[in-house]
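Enquirer: Sharing a structure, written as structure tokens. Questions coming.
Nothing in this text is a laboratory measurement; each read-out follows from the coordinates by a stated rule. Not measured: the values here are computed from a predicted model. For neighbour counting, all protein chains shown are included, and Cβ atoms are generated from backbone atoms with ideal geometry for every residue, glycine included.
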Amino acid sequence: MEEDQDGRLTIRIERRGVRRYTCSGCGRRTGRVRSSRDRTWDDLPWAAHHVTLIYPQRRLVCRSCGIRTERMEFADAKARVTRRLRQQIGVDCQSMPTSHAAVRYGVSWGKARRAEHAFLAEWDRRRATRRPRHIGLDEIQRGKGQRFWTVLSDVVHGEVIGLRQDRSEASAMALLTEDLTGRQRGAITAVCTDMHRPYLNAVHTVLPTADVVFDKFHVLQHASAALDEVRRQEFFRAGAVMREHGRGKRWLLLRRWKTVRGSKRAELQALFAANRRLFKAYVLREQLDRLWTYKTRLGVLNFLMGWFKALRWQRLPEMEQLGDFLLKHIDGIAAYCDHAVRFGVVESINTTIKGVLRRARGMRDEAMLLLKLKWATARPIRSARDLMRYLTVQPLYSNR
Ligand SMILES: [Zn+2]
């Protein structure tokens, strides 16, 4: 054991009394050693010291593989950190930047990143494949501008399944055919998505028997867009005095009434007092929320007709357009009556995805991003016991 200037401990290990070594190619054990070469692995820190292990890894002559290296029990093939350190780095990286975990364990950024990747990949490989009844196909914006990703998710368990660049029909097709097995596709009864034509085409082609359910949040987004258009009409195209009145109120107006508190509520009420039509449009948007409380298609249709009736004589062309749009898509909107899609889960997946993207700003590695999204949405660590399962320290060798 040696200590260098940085306080790093180097520990030379050797297995005593071992005559046969495991081939890394086939797993067979052999005693024919051709040569050995010192290799290093970073290991868990001890007290204030980072630790590096040195071990003379054998090159073996295997009957079926030829010359191969010895399989290491404590590390993945080609990895430069032990498996138990990989676990620690992998778990830590899910709640701190890779650079912090790298400093904590005294490894380079690249080593920490590779350890995290291996950790997540192994977790993903080992878990059971689910067969969700309901899946979601959604777009997420990446950075500024018109760049998108298409995300496929399991909206029953609230987990991301796959990720593709852009939001074309080809991307959606690839997700549905390559990221789901035939068995998984057979279990799907409903696809939750927005009214984006390329997605609808892909769903109809790949899953002809599944129903499309338009998700609540996209529908309400359309309603908010219509409300915003009313605001523009009423305040910004009506002279300087009104314009001053409506300035900077966009986000306030787009918030739901129940989430507006205190002085902001008074502000909103003052805005409505200045313009009754905006008030009417706001109320209509708020009422739309009730659409999802009906249990039958007829109920949904009746509600929407009633909503339409309230629109009459209001001279709100933007809301009328919204009404036409909703009626045109009534089948997909009312489809939730036949499929108990959990819209709350759909929304929480989106919130989680946005959080991961914010932290992973500028991440180039798509495979890594997908693994991180899977982990963040599946939330495999929910208790102290779960955490222990991932962090249990393995001995270097089992006693065989
Ligand atoms: Zn072999």
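Enquirer: Computed over the Cα atoms of the chain, what is the ratio Rg over Rh, Rh following Kirkwood?
Expert: Ratio value, two decimals: 1.13.
Enquirer: Pairing the Cα long axis of helix 83-93 with the longest principal axis of the chain, what angle in degrees results, from 0 to 90 and rounded to the nearest 10?
Expert: Taking the Cα atoms of the chain, the angle to 83-93 is about 20 degrees.
Enquirer: Check each of the trypsin sites (Lys or Arg not before Pro) in the range 291-339 and keep only those in coil by DSSP with at most 15 other C-beta atoms within 10 angstrom; list them in order.
Expert: When the trypsin sites (Lys or Arg not before Pro) of the range 291-339 are filtered for loop state and at most 15 Cβ neighbours within 10 Å, LYS295, ARG312, ARG315 remain.
Enquirer: With springs connecting C-alpha atoms under 10 Å apart, model the chain as a Gaussian network and identify which of HIS134, HIS196, HIS117 has the largest mean-square fluctuation.
Expert: HIS196
Enquirer: Now for a separate question. Helix 366-378 versus the longest principal axis of the chain: what angle, 0 to 90°, nearest 10, using Cα atoms?
Expert: Relative to the chain, helix 366-378 is tipped by roughly 70 degrees.
Enquirer: Moving on. GNM on the chain, C-alpha springs below 10 Å: top fluctuator among CYS337, CYS192, CYS62?
Expert: Answer for the Gaussian network model of the chain: CYS62.
Enquirer: What nm value, rounded to one decimal, do you get for the distance between THR205 and LYS264 when each label is placed 7 Å out toward the C-beta?
Expert: 4.3
Enquirer: What do you get for the angle between helix 262-274 and the principal long axis of the chain? Use alpha-carbon atoms, 0 to 90 degrees, nearest ten.
Expert: It is inclined by approximately 40 degrees.
Enquirer: Farthest toward the dipole's positive end in the range 186-289, which of VAL212, VAL283, ALA273, given Cβ charges of +1 (Lys, Arg) and -1 (Asp, Glu) about the Cα centre?
Expert: Checked the options; the winner is ALA273.
Enquirer: List the lysines whose alpha-carbon lies under 18 Å from that of LYS249, not counting same-chain residues fewer than 8 positions away?
Expert: Cα-Cα hits under 18 Å: LYS258, LYS264, LYS280.
Enquirer: Tell me the trypsin sites (Lys or Arg not before Pro) within the range 15-98 that lie in a loop according to DSSP and have at most 16 other beta-carbon atoms within 10 Å.
Expert: ARG15, ARG16, ARG19, ARG20, ARG28, ARG32, ARG63, LYS78
Enquirer: Using 17 Å as the cut-off for backbone N distance, which residues of the range 151-171 belong to the label zone defined by a point 7 Å from the Cα of SER348 along Cα→Cβ?
Expert: Only 153-161 pass the distance filter.
Enquirer: Please flag any cysteine in the chain that has no other cysteine's Cβ under 4.7 angstrom from its own Cβ.
Expert: Within the chain, the cysteines lacking a partner Cβ under 4.7 Å are CYS26, CYS93, CYS192, CYS337.
Enquirer: If a/c stays under 1.5 just call it rounded; otherwise compare a/b with b/c (prolate if a/b is bigger, oblate if not). Do that for the range 256-352, with a ≥ b ≥ c from the square roots of the Cα gyration tensor eigenvalues.
Expert: oblate
Enquirer: Suppose R0 equals 41 Å. What FRET efficiency, 1/(1 + (r/R0)^6) with r the Cβ-Cβ distance, do ASP228 and ALA77 give to the nearest 0.05?
Expert: Once rounded, the FRET efficiency stands at 0.15.
Enquirer: Shape of the range 1-75 from its Cα gyration tensor (a ≥ b ≥ c, root eigenvalues): rounded if a/c is under 1.5, otherwise prolate when a/b > b/c, or oblate?
Expert: Prolate is the answer for the range 1-75, as a/c is 1.5 or above and a/b outweighs b/c.
Enquirer: Simple spin-label model, 7 Å along Cα-to-Cβ: HIS245 to HIS100 in nm?
Expert: About 4.9 nm, to one decimal.
Enquirer: Could you tell me which trypsin sites (Lys or Arg not before Pro) in the range 202-242 are loop residues by DSSP with no more than 10 other beta carbons within 10 angstrom of their beta carbon?
Expert: ARG237
Enquirer: Here's something else I'd like to know. Which of ARG125, ARG261, ARG385 moves most in a GNM of the chain, Cα contacts under 10 Å?
Expert: Its mean-square fluctuation being the largest, the pick is ARG261.
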